[in-house]
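First the structure, in the form of structure tokens, and then the observations on it.
The values are calculated or read from the model by the stated rules, or taken from the named source; none is laboratory data. None of the values given here were measured: they were computed from a predicted structure. Every residue, glycine among them, receives a Cβ derived from its backbone with ideal geometry; neighbour counts consider all protein chains shown. Surface areas here come from the heavy atoms of the whole protein model, side chains and all, with no ligands, DNA or RNA. Shrake-Rupley method; radii C 1.70, N 1.55, O 1.52, S 1.80 Å.
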Amino acid sequence: MTLLRQGSFQVDYIDAGCGPTVLLIHSSVSGNRQWRALIEALSSRYRVLAPNLFGYGATTAWPNSTPQSLYAQAMLIAALCEGRPGPIHLVGHSFGGAVALKAAELLGARVGRLVLLEPNPFHLLAQAGRTSALLEALALRDSVKCFGALGDWTRAAERFADYWLGDGSWEAMPPKRRAVFAASLPPNVHEWDALLSEVTPVERWRDLGAETLLVCDPHTRLPTREIGDIFARACPRWTLHTLCSAGHMAPLTRPDLVNPLVREFLDKSEAGQAAF
């Protein structure tokens, strides 16, 4: 574990390998440990940085007194990029995908390639009039915030796990895994604020200069399916790859499918530079 201290907060992150910089941004309720296999796959030719977002690991927890924003999470990523030569490649999963988009907006031309694995910028559902999908996402938010406020993290975790991992997932978890999952859920309360207070239109992210890979499962939950469709329609220059029935948590549950896609997409950038 490496620590970056800046102002009143600190970020803990994994730093492995050497070469062009790749930043891996984790999903909710997981932390940077979700990237262990991908770090191993990339570190032979990339400098891989995998931070813990606010409230995970030894990274400073988000204060309860103010709503979180994607901008704040993206500034955490930008802090890790200070002084590092470009291009910088960003890989984000779920909430980490939304953070990666905001970070790419902040970093601008410094970003070479952007990989979005089932990203969930839920505010796009409201902008696009995808009401059913938005209401489904809001119902999950309300469950997390309600039971979290009551201190019943087990109840909140059961709903969250069954939603993203599949019905019955909580019941199938061993007790120790349930305890770890529930203990990892509190930061998600603030992440809903970050996602739903965002106002960036899809067109602004469409026009980012980074080469972008969007990986989606057409059979996952309605909100992420709709977000994938929004991006596919609005961003025709992006590379779209579908992983049928791999699930929203495929970066953790099916690294055998996801990691080669990420590696291949990043390697194209390095091959192109070498040819030039």
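Could you identify the single residue in R113, R84 that is modelled with pLDDT under 95 and in contact with a strand residue (DSSP E or B) (Cβ under 8 Å, 6 or more places away or on another chain)?
The unique qualifying residue is R84.
For segment 22-73, which positions are more than 18 Å from V99 (Cβ to Cβ) and open to solvent by less than 10 Å² (accessible area, probe 1.4 Å)?
If the condition is that a residue be more than 18 Å from V99 (Cβ to Cβ) and open to solvent by less than 10 Å² (accessible area, probe 1.4 Å), then L42, Y46 are the ones that fit.
State all residues of segment 207-249 that are under 27 Å from P67 (Cα atoms) and either modelled with pLDDT of 95 or more or open to solvent by less than 20 Å² (accessible area, probe 1.4 Å) (or both); if no residue qualifies, say none.
R221, L222, P223, T224, R225, E226, I227, G228, I230, F231, H248
In segment 127-137, what residues are open to solvent by 10 Å² or more (accessible area, probe 1.4 Å) and in contact (Cβ under 8 Å) with a residue 24 or more places away in the chain?
Those that are open to solvent by 10 Å² or more (accessible area, probe 1.4 Å) and in contact (Cβ under 8 Å) with a residue 24 or more places away in the chain: Q127, A128, R130, S132, L134, E136.
Go over the candidates D152, D162 one by one and state the one that is open to solvent by 50 Å² or more (accessible area, probe 1.4 Å), at negative phi and over 17 Å from the mean Cα position of the chain (by Cα).
D152
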